[in-house]
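Asker: The following block contains the structure, expressed as structure tokens.
The values are calculated or read from the model by the stated rules, or taken from the named source; none is laboratory data. What you are looking at is a predicted structure, and each value in this text was computed from that prediction instead of being measured. Methodologically, a virtual Cβ is constructed for each residue, glycine included, from the backbone with ideal geometry; neighbour enumeration extends over all protein chains shown.
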């Protein structure tokens, strides 16, 4: 395939001689050096205080509204997330790369495509949608079985606390059976309203500090 892609020689030009073995070794060393440089660049990026946050939950739970609200953007018109949105937010002294993934039943099987290198997992619950809490619990516990998410901090947002009849955070924790979670898992549940913004800072403050305590040396 390489020969087929090689450029044709112009008339009168000689084909270049094969590269000496020593030259090939130098090329390999250069390539390995570049790979080492990429590794250093990745470490530098970690020093820049980046965090990768995966935000998931059932559809219509308020994930996108939370992301927009925490970033000070307009939340008056929100469309369902049919794929995913990526938003980078400067929060305290950290750069949060938030992956907001749609929660429709037909696309939940694709969640696994976003698990790699996740530092924090945000699970958003519609506290007023009592009929789907069993489904919510099942999806969350399936997610927590994933090995690639084993070390990530878990923040559960009991959203829509501004709606009359919504279950309180302790009630949501009981329905979701959070007390049986692995003892090694760092987790917290926070009541919030994406509409008013109540509770969002409390939740993100905990999440960011918990991640920082694991992957960064705190100043």
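Asker: Quick check on my filter: what residues within region 50-78 are more than 24 Å from residue 109 (Cβ to Cβ) and under 12 Å from the mean Cα position of the chain (by Cα)?
Answerer: 50, 51
Asker: Further question on the same structure: Mind checking whether some residue in region 204-217 is touching a helix residue (DSSP H, G or I) at 6+ places or on another chain (Cβ under 8 Å), within 22 Å of residue 75 (Cβ to Cβ) and modelled with pLDDT of 95 or more?
Answerer: Yes.
Asker: Those residues that are without any contact (Cβ under 8 Å) to a residue 60 or more places away in the chain and either touching a helix residue (DSSP H, G or I) at 6+ places or on another chain (Cβ under 7 Å) or assigned to a helix (DSSP H, G or I) (or both), I need them from region 157-166; list them, please.
Answerer: Hit for region 157-166 is 158, nothing else.
Asker: List the number of the failed condition for residue 132; all other conditions in (1) in contact with a helix residue (DSSP H, G or I) (Cβ under 8 Å, 6 or more places away or on another chain); (2) more than 19 Å from residue 51 (Cβ to Cβ) hold.
Answerer: (1)
Asker: Exactly one of these conditions fails for residue 174: (1) assigned to a helix (DSSP H, G or I); (2) more than 19 Å from residue 135 (Cβ to Cβ). Give me its number.
Answerer: Here residue 174 meets the rest and fails (2).
Asker: Out of all the residues in region 181-219, which are within 15 Å of residue 150 (Cα to Cα) and either outside the structural domain of residue 75 (by TED's automatic domain parsing) or not in a strand (DSSP E or B) (or both)? Talk me through it step by step, then tell me what you get.
Answerer: Applying the first criterion (within 15 Å of residue 150 (Cα to Cα)) to region 181-219 yields 181-187, 210-211, 214-215.
Residues satisfying the conditions are 181, 182, 183, 184, 185, 186, 210, 211, 214, 215.
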